[in-house]
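Novice: This is the structure I want to talk about, given as structure tokens.
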Amino acid sequence: MPNPAPGFKKNPNRKILFEPSARRVRVKFEDEWIADSTEMMLMHETGHLPVYYFPVQDVRTDLLTPTEHSSYCSYKGEASYWAIEVGNRKSENAVWGYKTPYDEMVKNRLQEYRAFYWDKTDQWFEEDEEIFVHPRDPYKRVDVIPSSREVKITLGGQTVATSNRAIFLFETHLPTRYYLPAKDIRMDLLFKTDTTTRCPYKGLATYWSAKIEGQLYEDIAWAYPSPIPECPKIKDLFCFYNENVDDIYVDGNLTDKPATKWSK
């Protein structure tokens, strides 16, 4: 009996691509490889980060226990969940799959695959390189380009940085970011915090706050002390949130202030 997805009927422009990836991908939990496959699928869905799906035969199903949890997607169907159990450690609802997906997903054999929550496992690898946060999207670009254009950043009514040695970072769907050498920044106004984040395209970021005339600007700037090999040009440079400083000028021209999930 036909079982079309109601989501596509309401929103026919919704895109869900389910495409093969040539990369070997592995997931580790405790001391066990929970999944290891060279037959990966990568899902690209409008409004979502890319997701790796593993063929069921490449998943350690003997270490998975079904749970009562479920979720619903009007494009894919009802998702079932499994916990991972290794020794005395358990990760609840860490794995999901669509046992009886809608017709549009059946033709992609989605029912034969399982996906993992990134933060409910310990480590992920593409080939032999550890990766973080989410799969790198082959439809996304990160271009890192040096520029002699003057970049001036103001915060709290003061000029906190002026540089003709900036690195411009152009990342698909994100604002242009300007990475500046410490010598061109009022470092006396900044202090390092304990905040860290990871980016699958750049690496581990550390953060700095600013205090200007008694006003605290938390985690207003960041740097990558040891960026991943694909992004070496930004090493030890500082970047300020375009969204949260007063202004950023490039060659004297005021740049637009973007509205993003980081805006305050």
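Novice: Could you pull out the residue among I234, I228 that is touching a residue at least 24 places away in the same chain (Cβ under 8 Å), within 20 Å of T162 (Cβ to Cβ) and buried (at least 17 other Cβ atoms within 10 Å of the Cβ)?
Specialist: Exactly one of I234, I228 is touching a residue at least 24 places away in the same chain (Cβ under 8 Å), within 20 Å of T162 (Cβ to Cβ) and buried (at least 17 other Cβ atoms within 10 Å of the Cβ), namely I234.
Novice: Let me ask something else. Output the residues belonging to the stretch 115-133 that are free of Cβ contacts under 8 Å to residues at least 60 places away in the same chain and surrounded by fewer than 17 Cβ atoms within 10 Å (Cβ to Cβ).
Specialist: Listed by number, the residues that qualify are Y117, D119, K120, D128, E129, E130.
Novice: Determine whether the stretch 53-64 contains at least one residue that is at pLDDT below 95, under 27 Å from G87 (Cβ atoms) and of a type in the set (D, E). Show your work before the answer.
Specialist: Filtering the stretch 53-64 for residues at pLDDT below 95 gives none.
No, there is no match, as no residue in the stretch 53-64 is at pLDDT below 95, under 27 Å from G87 (Cβ atoms) and of a type in the set (D, E).
Novice: Also, quick follow-up: Considering only residues that are farther than 23 Å from D137 by Cα, in contact (Cβ under 8 Å) with a residue 60 or more places away in the chain and not hydrophobic (A, V, I, L, M, F, W, C), which ones fall in the stretch 1-18?
Specialist: Across the stretch 1-18, the qualifying residues are P2, N3, P4, P6, G7, K10.
Novice: May I ask you to verify whether E126 is within 30 Å of Y178 (Cβ to Cβ) and assigned by TED's automatic domain parsing to the domain that holds V25?
Specialist: yes
Residue by residue, here is whether (1) within 25 Å of D137 (Cα to Cα); (2) buried (at least 18 other Cβ atoms within 10 Å of the Cβ); (3) free of Cβ contacts under 8 Å to residues at least 24 places away in the same chain; (4) in contact with a Ser or Thr (Cβ under 8 Å, 6 or more places away or on another chain) holds:
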| site | (1), (2), (3), (4) |
| --- | --- |
| P20 | yes, no, yes, no |
| V25 | yes, yes, no, yes |
| I34 | yes, yes, no, yes |
| P50 | yes, yes, no, no |
| D62 | no, no, yes, no |
| T67 | no, no, no, no |
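Novice: Right, next: Would you please name the residue that is surrounded by the fewest Cβ atoms within 10 Å (Cβ to Cβ), looking only at residues in the stretch 98-114 that are of a type in the set (S, T, N, Q) and more than 15 Å from F8 (Cβ to Cβ)?
Specialist: T100
Novice: Identify, please: which residue in the stretch 177-204 is of a type in the set (V, I, T) and within 25 Å of V51 (Cα to Cα) and is, among those, surrounded by the most Cβ atoms within 10 Å (Cβ to Cβ)?
Specialist: Ranking the qualifying residues of the stretch 177-204, first place goes to T197.
Novice: Let me ask another. Quick check: is even one residue across the stretch 155-173 closer than 24 Å to P135 by Cβ and among the basic types (K, R)?
Specialist: no
Novice: Taking T38 as meeting all but one of (1) over 26 Å from D137 (Cα atoms); (2) β-branched (V, I, T); (3) free of Cβ contacts under 8 Å to residues at least 24 places away in the same chain, write down the number of the exception.
Specialist: Here T38 clears every test but (1).
The values are calculated or read from the model by the stated rules, or taken from the named source; none is laboratory data. Since we're looking at a predicted model, the values are computed, not measured. Cβ coordinates were reconstructed from backbone atoms using ideal geometry, including for glycine residues, and neighbour counts include every protein chain displayed.
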